[in-house]
1. Once you place label points 7 Å from the Cα toward the Cβ at residue 23 and residue 62, how far apart are they in nm?
2. Quick one: if you stick a label point 7 Å off each Cα along the C-beta vector at residue 50 and residue 71, how many nm between them?
3. Select from region 1-77 those trypsin sites (Lys or Arg not before Pro) which occupy a DSSP coil region and have at most 14 other Cβ atoms within 10 Å, ordered by residue number.
4. With n ≥ 4 as the cut-off for DSSP H runs, can you work out [θ] at 222 nm for the chain, using -39500 (n - 2.57) per run divided by the number of residues, rounded to the nearest 500?
5. If one takes the longest principal axis of the Cα atoms in the chain, at what angle in degrees, from 0 to 90 and to the nearest 10, does the Cα axis of helix 50-62 lie?
6. Of all alpha-carbon pairs in the chain, indicate the percentage at a distance above 24 angstrom.
7. Quick one: Karplus J couplings for region 74-90, per residue in order, coefficients 6.51, -1.76, 1.60, θ = phi - 60°, nearest Hz, x for Gly and Pro?
8. Over the chain, what is the mean sequence separation of C-alpha contacts under 8 Å (at least six apart), divided by residue count, expressed as relative contact order in percent?
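Derivation of every value follows stated rules applied to the coordinates shown; laboratory data play no part. Here the structure is a predicted model, which is why all the values come from computation and not from measurement. Heads up, the Cβs are rebuilt from the backbone with ideal geometry, glycines too, and the neighbour counts pull from every protein chain shown.
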Amino acid sequence: MAAIRFLVHGRVQGVGFRWWVWRQATRMGLRGSARNLRDGSVEVIAEGPDSGLADLERVLAQGPPAALVERVEKSQVPHEVTIPNGFDIK
């Protein structure tokens with residue numbers, strides 16, 4: 001299984017973005033977490049099949065109706081990050 005770190009930029013805090021990510025990721029059978037960062041972005045760490053991660057990347061670029069996603073950055077998950085068994089909102 002692959003693990004990816006997504007940084008989602010734009011109007012993504014205060015619009016239910018993390019809860020929306022939780023619903024999407026759970027539906028896709030992914031595990032990981034979503035948390036707000038101080039710079040106003042949302043960090044999403046997800047692990048699962050490549051197809052599920054590609055689907056998640058596609059929906060992250062759109063976001064929920066109240067969000068305005070400007071860009072999504074994708075990178076490898078640092079080795080020291082522990083991925084939860086389910087999907088957590090931090």
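1. Rounded to a tenth, the inter-label distance reads 1.3 nm.
2. My value for the distance between the label points is 2.6 nm.
3. Working: sites: 5, 11, 18, 23, 27, 31, 35, 38, 58, 71, 74; in loops: 38.
Counting only loop positions with at most 14 other Cβ atoms within 10 Å, the trypsin sites (Lys or Arg not before Pro) in region 1-77 are 38.
4. On the way: 2 runs with 24 residues, N = 90.
Mean residue ellipticity at 222 nm (helix-derived): -8500 deg cm²/dmol.
5. Long axis of 50-62 versus the principal axis of the chain: about 10 degrees.
6. On the way: 338 of 4005 pairs.
Above the 24 Å cut-off, the chain has 8 percent of its Cα pairs.
7. Here the 3J(HN,Hα) series is 10, 8, 6, 7, x, 4, 7, 7, 8, 9, x, 6, x, 10, 9, 10, 10 Hz.
8. On the way: 190 pairs, mean separation 40.5, N = 90.
Reported relative contact order: 45 percent.
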